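Okay, structure first, notes after.
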Amino acid sequence: QVQLVESGGGLVQAGGSLRLSCAASKSIISINSMGWYRQAPGNQREMVATISNGGDRNYGDSVKGRFTISRDITKNTVYLQMNSLKPDDTAVYYCNAKRGMTSYWGQGTQVTVSS
């Protein structure tokens with residue numbers, strides 16, 4: 001079992017920045033990959049960014065060049081730095097961890113970008 005606790009969401013104006021954090025209850029090196037997903041009202045959940053235990057990163061097309069995923073192995077924490085935020089980035093952001101065949105989710109944190 002992996003517990004994930006997100007923090008860092010909030011309200012920001014368009015063009016602003018936020019940093020999300022996701023603290024895992026297990027060593028993130030033992031986790032195959034971690035990532036951030038988001039879901040806006042009426043939309044399906046979509047991948048924002050992922051990082052493998054080897055450090056390979058992937059980004060959704062809509063956030064490339066604006067968002068950066070990183071990790072601190074000593075703190076078992078993954079971060080999502082979000083810059084140049086747009087109103088379309090408004091959503092609940094969920095942390096995800098994949099360990100073997102099992103996927104774990106955090107409780108979600110709301111990000112609202114005002115125009």
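For Gly54, indicate whether it is in contact with an Asp or Glu (Cβ under 6 Å, 6 or more places away or on another chain) and closer than 25 Å to Val2 by Cα.
No.
So which residues in the stretch 97-111 are in contact with a helix residue (DSSP H, G or I) (Cβ under 9 Å, 6 or more places away or on another chain) and more than 16 Å from Leu80 (Cα to Cα), if there are any at all?
The answer is Arg99, and nothing else.
Mind listing whichever residues of the stretch 47-80 are closer than 22 Å to Gln13 by Cα and either in a loop (DSSP other than H, G, I, E, B) or open to solvent by 60 Å² or more (accessible area, probe 1.4 Å) (or both)?
Correct list: Gly60, Asp61, Ser62, Val63, Lys64, Gly65, Arg66, Thr68.
Against the conditions (1) without any contact (Cβ under 8 Å) to a residue 60 or more places away in the chain; (2) outside any loop (DSSP other than H, G, I, E, B), where does Gln110 fall short? Just the number, please.
Gln110 satisfies all of (1) without any contact (Cβ under 8 Å) to a residue 60 or more places away in the chain; (2) outside any loop (DSSP other than H, G, I, E, B) except (1).
Could we say that Ala91 is surrounded by fewer than 20 Cβ atoms within 10 Å (Cβ to Cβ), within 15 Å of Gly10 (Cα to Cα) and of a type in the set (A, V, I, L, M, F, W, C) here?
So Ala91 does not fit the description; no.
Are any residues in the stretch 16-46 of a type outside the set (Gly, Ala, Ser) and open to solvent by 20 Å² or more (accessible area, probe 1.4 Å), and if so, which ones?
Within the stretch 16-46, Leu18, Arg19, Lys26, Ile29, Asn32, Tyr37, Gln39, Pro41, Asn43, Gln44, Arg45, Glu46 qualify.
List pairs: first residue in the stretch 1-21 and at positive phi, second residue among the charged types (D, E, K, R) anywhere in the structure, Cβ distance under 8 angstrom, at least six positions apart or on different chains.
So the pair list comes out as Gly8/Arg19.
Which members of the stretch 94-105 meet the condition of being open to solvent by 10 Å² or more (accessible area, probe 1.4 Å) and either in a strand (DSSP E or B) or touching a residue at least 60 places away in the same chain (Cβ under 8 Å) (or both)?
Once the filter is applied, which keeps residues that are open to solvent by 10 Å² or more (accessible area, probe 1.4 Å) and either in a strand (DSSP E or B) or touching a residue at least 60 places away in the same chain (Cβ under 8 Å) (or both), the stretch 94-105 yields Tyr94, Lys98, Arg99, Gly100, Thr102, Ser103, Tyr104, Trp105.
Restricting to the stretch 58-93, count the residues that are touching a helix residue (DSSP H, G or I) at 6+ places or on another chain (Cβ under 9 Å) and in contact (Cβ under 8 Å) with a residue 60 or more places away in the chain.
Within the stretch 58-93, residues that are touching a helix residue (DSSP H, G or I) at 6+ places or on another chain (Cβ under 9 Å) and in contact (Cβ under 8 Å) with a residue 60 or more places away in the chain number 1.
Among what's in the stretch 106-115 and is within 25 Å of Ser27 (Cα to Cα) and of a type outside the set (Ser, Thr, Tyr), pick the residue that is most open to solvent (accessible area, probe 1.4 Å).
Gln107
The values are calculated or read from the model by the stated rules, or taken from the named source; none is laboratory data. Please read all numbers here as calculations on a predicted model, not as lab measurements. Cβ atoms come from the backbone with ideal geometry, glycine included; neighbour counts cover every protein chain shown. Heads up: the accessible areas ignore ligands, DNA and RNA and are worked out on the full protein's heavy atoms, side chains in. Shrake-Rupley method; radii C 1.70, N 1.55, O 1.52, S 1.80 Å.
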